[in-house]
1. Please give the number of the condition Val15 fails out of (1) assigned to a loop (DSSP other than H, G, I, E, B); (2) at pLDDT below 70; (3) farther than 30 Å from Arg159 by Cβ.
2. Quick check, is Ala128 more than 17 Å from Arg185 (Cβ to Cβ), open to solvent by 40 Å² or more (accessible area, probe 1.4 Å) and not acidic (Asp, Glu)?
3. Restricting attention to segment 162-182, report how many residues are of a type in the set (A, V, I, L, M) and farther than 21 Å from Gly222 by Cα.
4. Could you look through segment 171-200, keep only residues that are more than 21 Å from Leu44 (Cβ to Cβ) and open to solvent by 70 Å² or more (accessible area, probe 1.4 Å), and pick out the one that is nearest to the chain's Cα centre (by Cα)?
5. Between residues in segment 170-193 that are acidic (Asp, Glu) and residues that are crowded, with 16+ Cβ neighbours inside 10 Å and not in a helix (DSSP H, G or I), which pairs lie under 7 Å by C-beta distance while being six or more apart or on different chains?
6. Inspect all residues belonging to segment 204-211 and state whether any of them is at positive phi and either under 17 Å from the mean Cα position of the chain (by Cα) or without any contact (Cβ under 8 Å) to a residue 24 or more places away in the chain (or both).
7. Pairs only if they're at least six apart or on different chains, beta carbon under 9 angstrom, first in segment 115-144 and outside any strand (DSSP E or B), second among the polar types (S, T, N, Q) and exposed (fewer than 14 other Cβ atoms within 10 Å of the Cβ); list them, first residue then second.
8. Looking only at segment 118-135, how many residues end up being of a type in the set (A, V, I, L, M, F, W, C) and more than 22 Å from the chain's Cα centre (by Cα)?
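The values are calculated or read from the model by the stated rules, or taken from the named source; none is laboratory data. No experiment lies behind these values; they were computed from the predicted model shown. In this analysis, Cβ positions are derived from the backbone assuming ideal geometry, glycine residues included, and neighbour counts consider all displayed protein chains. Surface accessibility is based on the protein's heavy atoms, side chains included, excluding ligands, DNA and RNA. Shrake-Rupley method; radii C 1.70, N 1.55, O 1.52, S 1.80 Å.
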Amino acid sequence: MNRLRMPRQAARRAVLMGRAAAHRARGDSAGLAQATTGGLAILLLHNTLGRDADSLVSHVAKHRERFTDFDAVETLGIGRGPAQIALTFDDGFRSNLQVARRLHSLGLQACFYVPTDIIGSDQPEVDAFFGRPQQEGVMTWDDLEEVRSLGHVVGSHCRQHRPLIDLSDAEGEDQIKRSLEELRRRLGQSEHFAWPFGSLRHADAAKVVQWCTEADARAASGVRGFNTRERLDSEGYLRRDAIDIRWIGVDIAAFLGRDAARSR
């Protein structure tokens, strides 16, 4: 879900454009230095509607060599080539199915994190579930079976889309483990979990990592940052950078370090 207001969106876009201009002017990689030395950036998206989806797929196709399957999280830091980018999508929105099909046609695997209690529900239930009117509904279990059949990963985003920090330990553990059990029962496999809202103020990361480890799953956050083997071993969870699909070209250019690379 997109919770940003337009003034903040415009300000963020100006910052990103300014960074890109600064990279061109300086001829260095600045804060993107890590992005040229191996490792993995994981992008976090939500709805993928209409021309926004077209733009996403177009940019992925244009830079296909820098996008990697989500399974690359198992080989972080291997190799000395440019950093790779993996794609993830939260909340199970209906438009994600079309993107799953289109990414499959490009030979690319993504991860779709879904809150299991809302799958297959109608629009009023979806709006109530997320606490506000949504642009679209969510996928069905048949849709998720197709996503899996296309080779993508389907992970848990809890049973309900609630901040784990507001729940008791027993409730939080239940949200994680029972949602994974439901995905495994219906789809045969699920080894990944991302906590709702994603920041460190929305969950006790250490407890999430513990419960995921007990459930044989890999934890992921919405905490920004570059993924390396050392960082994952230290923190126990994957970092993901939440981006706005409407500005996908600006964001992807930044993560590719494209402007910096051209100056070398």
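1. Of everything listed in (1) assigned to a loop (DSSP other than H, G, I, E, B); (2) at pLDDT below 70; (3) farther than 30 Å from Arg159 by Cβ, Val15 misses just condition (1).
2. On the way: more than 17 Å from Arg185 (Cβ to Cβ): yes; open to solvent by 40 Å² or more (accessible area, probe 1.4 Å): yes; not acidic (Asp, Glu): yes.
For Ala128, the condition - more than 17 Å from Arg185 (Cβ to Cβ), open to solvent by 40 Å² or more (accessible area, probe 1.4 Å) and not acidic (Asp, Glu) - is met.
3. Taking segment 162-182 as the starting set, the residues that turn out to be of a type in the set (A, V, I, L, M) are 164-165, 167, 170, 176, 180.
Still in the running and farther than 21 Å from Gly222 by Cα: 170.
Result for segment 162-182: 1.
4. Gln189
5. Glu191/Ala217; Glu191/Arg218
6. No, the conditions are met nowhere in segment 204-211.
7. Short answer, once both residue conditions are applied: Pro133/Gln123; Gln134/Gln123; Gln135/Asn2; Glu136/Gln123; Gly137/Gln123.
8. Taking segment 118-135 and keeping what is of a type in the set (A, V, I, L, M, F, W, C), we get 118-119, 126, 128-130.
Still in the running and more than 22 Å from the chain's Cα centre (by Cα): 128.
Of the residues in segment 118-135, 1 are of a type in the set (A, V, I, L, M, F, W, C) and more than 22 Å from the chain's Cα centre (by Cα).
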